[in-house]
Amino acid sequence: MRIVGNRIGCLPRYPRQNNFLGLPLYLMPEEVSLLLNKGVAVLVKGDNPLESPTQQQMEEYQQLCDNNFKDQVELFRDDRRNEIRQNLPKIIEGKKEKRRKEIEERKKAGEDVDEAELEKEIIVDVDSIPIPTLPRSQALVQLFTESPWKVEDSVGTIATWNFPSTVMEKTRCHVFQDLWEKGYFLTSGAKFGGDFLVYPGDPGKFHSHYVAICLEHQKSLTPLDLVAMGRLGSNVKKTVVLCSLDQEACIQYTSLQWTGIT
């Protein structure tokens, strides 16, 4: 549907960064109106869409957490044993050094020590080493990105959509839909001083070519206004397109491209 939107949610696997975002997806009012007009979306009320869990569901959730913790404990012990196996040569060397120091201390104390004790092989049975359990406070906790008991067939209460309601809102909606029907991709142009950025293709693959600015059809513009908008487009290397809706509800476009004074 060539609706881009703006992802504003953090990624569950990478929550401590904001370079790459995920759901929820924020849509401009014009995007919502287009989807509703084309009949490809349904607007529902978002107030308390989920019911409170039942006692059985809470017990199931607690059981799920307990099973998850037990699995983590076994994984923690397996990782700890593997770590011990990887460091086994160092552990054996450490035990030999400790034994050598103990024998030297016994010699200093006047005991008769069999030198053959220094050559005895040290065997470490990794599986018999007691490994403490994982504290519950250090266990990983699963954060659900949606309710596990959400009913997929439940649509919810249909909401009313009162946009557009003003002359400028109607102009923006008409301009957005007209450019969309011409095959363009559109996103918010607020960062570039306009209403929309207009792309010839997928914004992930193309730079925008135009900055669309919506105006009332009868609005007067001074030469300074035109120069300012032309310079705006020149600075961001885009063509400024002035868009308006005339009295016959037809879209009128005027392009501005600053070329300087010669």
Practice task
Starting from the range 71-86, take each residue that is more than 10 Å from Val126 (Cα to Cα) and list its partners that are at pLDDT 90 or above, counting only C-beta distances under 7 angstrom and pairs at least six apart or across chains.
Solution key: none
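Rundown of residues vs (1) in a loop (DSSP other than H, G, I, E, B); (2) polar (S, T, N, Q); (3) open to solvent by 40 Å² or more (accessible area, probe 1.4 Å), yes/no style:
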position: Val175; (1), (2), (3): no, no, no
position: Trp180; (1), (2), (3): no, no, no
position: His217; (1), (2), (3): yes, no, yes
position: Val227; (1), (2), (3): no, no, yes
position: Ser234; (1), (2), (3): no, yes, yes
Exercise for the section: Could you pull out the residue among Glu102, Glu31 that is out of contact with any helix residue (DSSP H, G or I) (no Cβ under 8 Å at 6 or more places or on another chain) and of a type in the set (D, E, K, R)? Expected result: Glu102
Problem - Selection within the range 3-22 - in contact with a strand residue (DSSP E or B) (Cβ under 7 Å, 6 or more places away or on another chain) and exposed (fewer than 14 other Cβ atoms within 10 Å of the Cβ) - result: Asn6, Ile8, Gly9, Phe20
Problem - Hits in the range 191-215 - residues which are open to solvent by 80 Å² or more (accessible area, probe 1.4 Å) and within 24 Å of the chain's Cα centre (by Cα) - result: Lys191, Lys205, Phe206, His207
Practice task
Write out, first by first residue and then by second, each pair whose Cβ atoms fall under 9 Å of each other, whose residues are 6+ apart or on separate chains, and whose first residue, in the range 218-240, is over 15 Å from Ser208 (Cβ atoms) while the second is modelled with pLDDT of 90 or more and polar (S, T, N, Q).
Solution key: Gln218/Ser244; Lys219/Ser244
Practice task
Can you tell me which residue within the range 23-61, out of those that are modelled with pLDDT of 90 or more and in a strand (DSSP E or B), is most open to solvent (accessible area, probe 1.4 Å)?
Solution key: Tyr26
Problem - Check on Lys90, open to solvent by 80 Å² or more (accessible area, probe 1.4 Å) and over 21 Å from Asp78 (Cβ atoms) - result: no
Completion exercise
The condition from (1) over 27 Å from Asn235 (Cβ atoms); (2) open to solvent by less than 80 Å² (accessible area, probe 1.4 Å) that Asn162 misses is numbered (2)
Practice task
Run down Val126, Val141 and say which single residue is out of contact with any strand residue (DSSP E or B) (no Cβ under 6 Å at 6 or more places or on another chain), surrounded by 10 or more Cβ atoms within 10 Å (Cβ to Cβ) and at pLDDT below 90.
Solution key: Val126
Problem - Tabulated pairs, the range 12-30, first of a type in the set (D, E, K, R), second surrounded by 10 or more Cβ atoms within 10 Å (Cβ to Cβ), C-beta under 7 angstrom, 6+ apart or interchain - result: Glu30/Arg172; Glu30/Cys173; Glu30/Phe176
Practice task
Return yes or no: is Glu105 free of Cβ contacts under 8 Å to residues at least 40 places away in the same chain, in a helix (DSSP H, G or I) and among the acidic types (Asp, Glu)?
Solution key: yes
Handout entry: Residue list for the range 112-123, filter: loosely packed, with under 11 Cβ neighbours inside 10 Å and either at positive phi or under 55 Å from the mean Cα position of the chain (by Cα) (or both)
Key = Ile123
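The values are calculated or read from the model by the stated rules, or taken from the named source; none is laboratory data. Only a predicted model underlies this, so the values are computations on that prediction, with no experimental measurement involved. Cβ coordinates were reconstructed from backbone atoms using ideal geometry, including for glycine residues, and neighbour counts include every protein chain displayed. Just so you know, the surface numbers come from the protein's heavy atoms only, side chains and all, with ligands and any DNA or RNA stripped out. Shrake-Rupley method; radii C 1.70, N 1.55, O 1.52, S 1.80 Å.
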